[in-house]
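Read through the structure below, which is laid out as structure tokens, and then see the notes.
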Amino acid sequence: MISRRQLLWAAPVAATAQVRKTPPTRPAPAWTVWGGPGRDFRVSSAGLAAKWPAGGPPKVWSRTLGEDGYSGISVENNILYSGFRRGPNEVFTALSAADGKTIWEHSTPAPFRNAYQDRVGPGPYAMPQLIGNLAFVAGATGIVHALDKKTGKVIWKHDLYREFGATRMEYGYSCHGLPYRDTIIYLAGGLDKAIISFRQADGGVVYARHTFSNAHSSPLLIQVGGLEQVAILHATEALAINPINGDIQWRHPHKTDYGLAIATPVWNGKDLLLVSSAYNTGSRMLELTRTGDRTSVKEAWRDQKLQIQFGTVVSQGEHLIGSSGHRGPAFLTMFEWRTGRLAWQNRDFAKAHVIAADGKLILLDEDGNLALASATPQALTVHSKASVLTSLSWTPPTLAGSRLYARDRHNLTVFELGA
């Protein structure tokens with residue numbers, strides 16, 4: 001027989017057992033849209049190694065990724081997404097993050113020759129972007145697909161050139177659409193339909209407005225005095241629109257030779273927007289101020305020699321870091337937000353992409369050199385550097401957790417950067 005004392009002792013134990021819960025599972029690290037979580041090439045990864053072996057960080061696996069292409073790597077739920085060229089077709093694919101094995105492929109005819117074919121190749125250039133259950137992909141011939149993320153099945157598609165009269169890009173279409181609420185905003189260029197907002201779910205057109213010649217840059221969501229705007233760099237100017245209805249908020253000249261404005265604008269989170277391009281144009285820092293419903297823009301400074309061609313730029317305190325140059329050397333450069341004053345330039349990397357994480361910089365240049373560094377306004381300190389890729393590494397790497405996904409025109413390689 002169980003005594004009253006035993007029953008009183010057992011009761012709280014039983015109650016505790018009933019309410020005890022399994023600790024929540026941390027979500028797998030992700031990089032789902034262009035530029036990472038903040039579209040700014042900064043990630044919250046922690047616990048990265050302070051130094052690598054002489055041959056570079058440990059390689060997890062590597063595989064061929066088609067015949068050509070520059071499409072970046074998106075990551076979600078331990079699945080990778082990218083795109084490549086196979087003969088006359090563009091192929092977008094989902095791969096296992098564990099070993100690189102193909103989960104699905106979507107292939108579509110895309111006969112295209114780049115205007116600089118031997119040097120650059122036919123693409124594709126844009127990274128798949130993962131939003132809800134869909135993967136949004138834009139091919140070099142201006143065709144946008146929304147694919148089912150699990151199967152690769154086409155949910156909807158639009159041909160920007162044929163349907164909307166978009167600017168035909170002789171170097172290939174490369175815009176990364178901007179997700180906004182239940183829409184995705186693409187830059188198309190052309191007459192009266194230069195900016196197009198599609199419903200994510202079914203591809204319905206929310207608005208298609210304005211006239212300009214398109215470039216290769218991708219739009220960026222900013223807030224000016226709490227007011228949301230989409231910052232845009234096209235062939236002849238920078239401007240911003242209201243993301244809901246497409247109304248112009250402000251505009252400022254920034255004409256780029258040949259219309260080759262490529263780099264994404266960079267926002268300081270408050271009032272300064274950097275727009276930069278090569279081809280004899282250089283950089284402008286635009287200061288934005290909101291008064292009521294109006295936004296005013298003025299040029300804080302301009303430097304024609306500071307030219308961000310296509311590389312990523314990251315913010316670090318009062319400074320920015322990116323590769324400046326086009327023809328000839330492209331120096332890794334630190335410069336001030338407010339004045340444009342150069343802090344330093346480093347000649348050791350050729351047209352490098354930059355990611356900021358865990359108080360460090362991860363650099364990958366066009367020659368395939370991967371490096372771990374840190375920077376102060378006084379100098380760049382390189383902690384480790386190794387040659388890891390070979391075939392023109394123009395694609396920004398992706399960092400999800402401690403795994404770095406890097407590709408050149410032909411191969412995808414995964415590295416472990418954890419301590």
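The values are calculated or read from the model by the stated rules, or taken from the named source; none is laboratory data. Predicted model, so just to flag it, every value in this text is computed and none were measured. Because the Cβ atoms are built from the backbone with ideal geometry, glycine has one as well, and the counts that use them run over all protein chains shown.
Assorted remarks:
- Among the numbered conditions (1) crowded, with 16+ Cβ neighbours inside 10 Å; (2) modelled with pLDDT under 95; (3) under 15 Å from residue 52 (Cα atoms), the only one that residue 419 does not meet is (1).
- Qualifying residue in region 167-180 (condition: among the aromatic types (Phe, Trp, Tyr) and part of a loop (DSSP other than H, G, I, E, B)): yes
- Against the test of being among the hydrophobic types (A, V, I, L, M, F, W, C) and either buried (at least 24 other Cβ atoms within 10 Å of the Cβ) or assigned to a loop (DSSP other than H, G, I, E, B) (or both), the options 196, 155 yield a single qualifying residue, 196.
- Any strands (runs of 3 or more DSSP E) falling wholly within region 226-321 and containing at least 2 residues that are farther than 28 Å from residue 356 by Cα and of a type in the set (A, V, I, L, M, F, W, C): 248-253
- Qualifying residues in region 369-384 (those that are in contact (Cβ under 8 Å) with a residue 40 or more places away in the chain and part of a strand (DSSP E or B)) - the one surrounded by the most Cβ atoms within 10 Å (Cβ to Cβ): 370
- Among residues of region 312-325 that are within 18 Å of residue 220 (Cα to Cα) and in contact (Cβ under 8 Å) with a residue 24 or more places away in the chain, those with a beta-carbon under 7 Å from a residue that is among the aromatic types (Phe, Trp, Tyr) and assigned to a strand (DSSP E or B) at least six positions away or on a different chain give the pairs 320/335.
- Every condition in (1) buried (at least 17 other Cβ atoms within 10 Å of the Cβ); (2) touching a strand residue (DSSP E or B) at 6+ places or on another chain (Cβ under 7 Å) is met by residue 99 except one, and the failing one is (1).
- Annotation for region 123-143: at least one member residue is within 17 Å of the chain's Cα centre (by Cα), crowded, with 23+ Cβ neighbours inside 10 Å, touching a residue at least 24 places away in the same chain (Cβ under 8 Å) and at positive phi.
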